[in-house]
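Okay, handing you the structure first.
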Amino acid sequence: MKVNKLVSGSSTTGAKQEAGLGASSEHYTTAGYKTVENSSNPSLQKYMAVEQEAITSGVKDAGSKTFVDIGAGNGRIEEAMSRVASKVVAIELNDDMFKGLCERTKLLPNVTPVHRNAHDLENILLEMGVQRPVLVLAQNTLAVIGDTCADLDEMPEARRLLEEMRAVAERGGGEIVISLLKQEALESMGVAMYGTFKDMVGEPDFEKMDYGAGLFATKSGYQSKWWRPEEREEIKRILGGRVATVLDGANFWILHVSYADQ
Ligand SMILES: C[S@@+](CC[C@H](N)C(=O)[O-])C[C@H]1O[C@@H](n2cnc3c(N)ncnc32)[C@H](O)[C@@H]1O
């Protein structure tokens, strides 16, 4: 039976005051994100397919584990995860995305949407009694945790989330799957890709765009970060643990680390 659509004692307002949705995440709507899913961009479609496969097939004994989707959006990958995992906890702060997430998962008995801030990860898992979590940060969500800019060193919220994820997963002997887009592919793939859902993110702003840093920007204030090789190494260093797999595609980079005893 599904419990806790909204975990008691949490309010969205409270969570927002604590850290806030970054400016880019304010652009997301369930309707707009459908255009991402249905994008005609072949590289994006390939990325989504490979990513879903990595998350659903790459975790050993998934059927005994709880997957925790951080920044779950409108539930794009919840159904796939619900088929392989014991349980799925889907954390989303944006009100409209959370509505879409609830609607989309209402018939999935092992999926619990949680309307809270990702930074409340430790408390959420404690309150829900989750042990040995598989923490999932899909589709470049790290880029929009807090405010996006050209350098990981100037994205304290993103860095803090990585540290929180490590602390939680390490303590519980869990795992992390993190999926990112590569700076090297921003110019060749990114601009065309964002063009297929510009109603949600806006028209590109070529004055603010910085391909070398991996910064995508639009005239309506949406920004995303595609990660440089040295930033990916730094992310790997912050997460620590034992590397289970790294999928290093032309456009994307998917890292799976484990903290379980061997
Ligand atoms: C790039 S979208 C990806 C959505 C989903 N993971 C997917 O793969 O389809 C990032 C999502 O993270 C959410 N988000 C951003 N900051 C958050 C935070 N601090 N707490 C919870 N969700 C957050 C955004 O609202 C957005 O829905």
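Every number in this text was worked out from the coordinates using simple rules, so none of it is lab data. This one's a predicted model, so the numbers in the text were calculated from it and none came from an experiment. Please note: Cβ atoms are built from the backbone with ideal geometry, for glycine as well, and neighbour counts cover all protein chains shown.
For a label point 7 Å from the Cα of Ala31 along Cα→C-beta, name the residues of segment 101-145 whose backbone N is under 16 Å from it.
101
Please list, ordered by chain and number, the residues whose modelled amide H lies under 5 Å from the amide H of Leu135; skip anything fewer than 5 residues away on the same chain.
Correct list: Val68, Glu175, Ile176, Val177.
Could I ask something else about it? Would you mind checking segment 124-155 for residues with the amide N under 17 Å from a putative spin-label position 7 Å along Cα→C-beta of Glu53?
Output list for this probe position: 139.
How do Leu135, Leu215 rank when sorted from fewest to most other Cβ atoms within 10 Å of their own Cβ?
Details: Leu135 29, Leu215 21.
The fewest-first ordering by Cβ neighbours comes to Leu215, Leu135.
Also: Using the alpha-carbon centroid of each, what span in Å lies between segment 102-143 and segment 161-199?
A separation of 16 Å, based on Cα centres.
Counting only other residues whose beta carbon sits under 14 Å from that of Ile238, what net charge do I get with K and R as +1, D and E as -1?
Net local charge, Ile238 excluded: -3.
If you add up the charges near Ser24, with Lys and Arg at +1 and Asp and Glu at -1, over every other residue whose beta carbon is less than 10 angstrom from its beta carbon, what do you get?
Its environment carries a net charge of -1.
Above 25 angstrom, tally the Cα pairs of segment 12-258 and express them as a % of all pairs, no decimals.
For segment 12-258, the share of Cα pairs beyond 25 Å comes to 37 percent.
Stretch Glu79-Ala260 to full length: gain in nm at 0.36 nm per residue minus the Cα-Cα span?
62.6 nm
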